[in-house]
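The values are calculated or read from the model by the stated rules, or taken from the named source; none is laboratory data. Here the structure is a predicted model, which is why all the values come from computation and not from measurement. Please note: Cβ atoms are built from the backbone with ideal geometry, for glycine as well, and neighbour counts cover all protein chains shown. SASA here: full protein model, heavy atoms, side chains in, ligands and nucleic acids out. Shrake-Rupley method; radii C 1.70, N 1.55, O 1.52, S 1.80 Å.
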Amino acid sequence: MNEDTFSTDEVEKCIPERERVHQALVDLIENDKEYNLEFDILTKDTKTRKTIISIAELERDEAGRPSKITGVIQDVTARKRAEEALRELKEFNESIVQTMNEGIVLTDTHGIVTFVNSAFSSLLGYQAEELIGRSWLDIVSPDHHAAARTADERRVRGQEDRYELTVLRKDGSPRSVSVGGNPRVDSKTGEFIGTMGVLTDITERKRADEQQVKSHNLLRNLARLVPGVIYQYRLYPDDRSAFPYSSPGMNDIYEVTPEEVQEDATPVFGRLHPEDHDRFAAAIYESARTLNTFYCEFRVILPRQGLRWRWSQAQPERTEDGGALWHGIISDITDRKRVEEENAKLHAQLQQAVKMEAVGTLAGGIAHDFNNLLQAITGHTQIILLDKKSNDPEYSSLKAILDSGNRAVVLIRQLLQFSRKSAPEPRPVNLNREIELARRILERTVP
């Protein structure tokens with residue numbers, strides 16, 4: 001090799017190979033060691049690196065001295081490059097498989113595990129070497145062995161699919177997995193050589209689904225027990241609104257079905273009393289702005305039930321699109337409002353009665369004092385009349401004063417009896433005369 005035809009860097013790279021070839025030739029000549037080497041060379045014309053295999057034998061003369069070396073040189077550059085590319089591809093694929101979140105398992109035609117990735121080992125709590133060589137059914141829950149065997153039979157027939165089953169971890173705890181099964185075939189013969197399974201842990205999702213079903217059943221049972229309607233109300237950023245969920249009580253509260261308002265809440269707003277509509281809408285927007293609990297009492301006008309009172313309470317939360325979602329309840333409070341109105345009327349009547357009682361008490365006090373004054377007036381009038389004759393010019397005037405005083409005394413006695421300041425005195429009366437007297441009193445006192 002004429003090293004002057006190559007660059008210094010390339011020559012330097014080949015020096016170790018030259019020394020190895022030189023030493024192998026020395027060992028062949030001096031020690032009769034086998035000469036079979038693979039090494040790189042640099043071509044003179046293109047100055048490219050190639051890989052060759054060199055095999056040589058030493059021939060000796062009759063005296064046993066080295067006389068000739070016979071050898072074969074084969075260019076294996078293409079093969080080496082293919083092997084290198086294949087090795088890199090294999091390492092790349094293994095790297096991908098080992099870093100996948102899904103568990104990968106390869107089995108042979110008998111279902112014996114031949115490979116697992118780290119995600120599969122982690123899922124089951126085993127080391128890889130503890131799984132390789134075992135039947136893959138060993139990790140499947142006995143309740144699902146039949147389903148797993150049926151799936152394996154489909155692989156033999158060249159079918160691939162996805163199904164769910166339960167596997168058992170090393171500690172015995174179960175995990176729910178989704179299995180994607182694919183048959184593996186020999187690239188040359190096309191014969192079935194095993195199965196590749198891709199396992200995704202869906203335990204948490206299954207638990208969440210089960211919890212959601214339980215919550216839905218609980219909500220449904222609660223909706224049957226709780227009067228009114230349990231609901232979700234959503235307000236979108238563009239002011240659209242809907243009831244994504246509402247219990248069957250929606251039929252009674254608004255006389256619309258849950259399906260009618262699932263995408264559009266307009267039918268509900270059409271039931272609001274016109275005087276309460278703006279107040280109701282303002283409360284919703286305020287709750288959406290502050291995320292404070294929504295409270296509101298309002299009236300609705302329904303086709304069948306007519307005017308009814310409703311009460312709603314709901315807790316809002318912010319949605320990803322910037323809107324709001326409330327979880328709440330609406331109840332019928334019509335009977336309560338009617339009771340409140342009746343109580344208000346009774347309270348007003350009680351206040352009026354108390355007022356009349358106060359008036360009566362006041363009137364009684366005044367009448368008692370006035371009665372004392374009248375007693376003095378009538379008494380002195382009677383004394384004066386004792387000294388007067390019927391034909392006396394003053395007699396008629398004094399008699400009129402006495403008669404008026406006596407009538408006033410009767411009136412005062414009635415007032416005292418009305419105000420319960422004096423006990424009634426039963427006596428025979430002229431009913432017509434009493435009615436006439438009462439009429440005169442009423443005419444002067446009642447508007």
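Among residues of segment 368-382 that are touching a residue at least 40 places away in the same chain (Cβ under 8 Å), those with a beta-carbon under 6 Å from a residue that is aliphatic (A, V, I, L, M) and assigned to a helix (DSSP H, G or I) at least six positions away or on a different chain give the pairs Phe370/Ile412; Asn371/Ile412. Against the numbered list (1) farther than 29 Å from Gly322 by Cα; (2) touching a helix residue (DSSP H, G or I) at 6+ places or on another chain (Cβ under 8 Å), Tyr231 comes up short only at (1).
For segment 161-209, the set of residues classified as over 21 Å from Ala146 (Cβ atoms), of a type in the set (Asp, Glu) and open to solvent by 70 Å² or more (accessible area, probe 1.4 Å) consists of Asp171, Glu191, Glu204, listed by residue number. Exactly one of (1) modelled with pLDDT of 90 or more; (2) of a type in the set (Asp, Glu); (3) over 25 Å from the mean Cα position of the chain (by Cα) is unmet by Asp321. Its number? Exception for Asp321: condition (3).
Scanning segment 321-362 for residues that are open to solvent by 30 Å² or more (accessible area, probe 1.4 Å), farther than 30 Å from Leu235 by Cβ and touching a residue at least 12 places away in the same chain (Cβ under 8 Å) yields a total of 1. The residues on offer are Asp264, Asp239, and the sole one that is in contact (Cβ under 8 Å) with a residue 12 or more places away in the chain, open to solvent by 40 Å² or more (accessible area, probe 1.4 Å) and within 18 Å of Asp321 (Cα to Cα) is Asp264.
The rows are residues; the columns are (1) among the small types (Gly, Ala, Ser); (2) in a strand (DSSP E or B); (3) open to solvent by 40 Å² or more (accessible area, probe 1.4 Å).
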residue: Arg20; (1), (2), (3): no, no, yes
residue: Asp27; (1), (2), (3): no, no, no
residue: Glu30; (1), (2), (3): no, no, yes
residue: Lys33; (1), (2), (3): no, no, yes
residue: Ile41; (1), (2), (3): no, yes, yes
residue: Lys44; (1), (2), (3): no, no, yes
residue: Lys50; (1), (2), (3): no, yes, yes
residue: Ile53; (1), (2), (3): no, yes, no
residue: Glu57; (1), (2), (3): no, yes, yes
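Against the test of being farther than 18 Å from Thr319 by Cβ and in contact with a strand residue (DSSP E or B) (Cβ under 8 Å, 6 or more places away or on another chain), the options Ser247, Ser241 yield a single qualifying residue, Ser247. The residue pairs whose first member lies in segment 191-205 and is within 22 Å of Val156 (Cα to Cα), whose second member is open to solvent by 70 Å² or more (accessible area, probe 1.4 Å) and of a type in the set (S, T, N, Q), and whose beta carbons are closer than 6 Å, counting only pairs six or more residues apart or on different chains, are Gly194/Thr109. Out of the helices (runs of 4 or more DSSP H) lying entirely within segment 165-279, which hold 3 or more residues that are within 24 Å of Pro142 (Cβ to Cβ) and of a type in the set (D, E, K, R)? Helices (runs of 4 or more DSSP H) meeting the threshold: 203-225. For first residues located in segment 426-444 and free of Cβ contacts under 8 Å to residues at least 24 places away in the same chain and assigned to a helix (DSSP H, G or I), partners that are surrounded by 11 or more Cβ atoms within 10 Å (Cβ to Cβ) and of a type in the set (S, T, N, Q) and lie 6+ apart or on another chain with Cβ distances below 7 Å do not occur. Reported count of residues in segment 267-300, each being among the hydrophobic types (A, V, I, L, M, F, W, C), open to solvent by less than 50 Å² (accessible area, probe 1.4 Å) and out of contact with any Leu (no Cβ under 8 Å at 6 or more places or on another chain), is 7.
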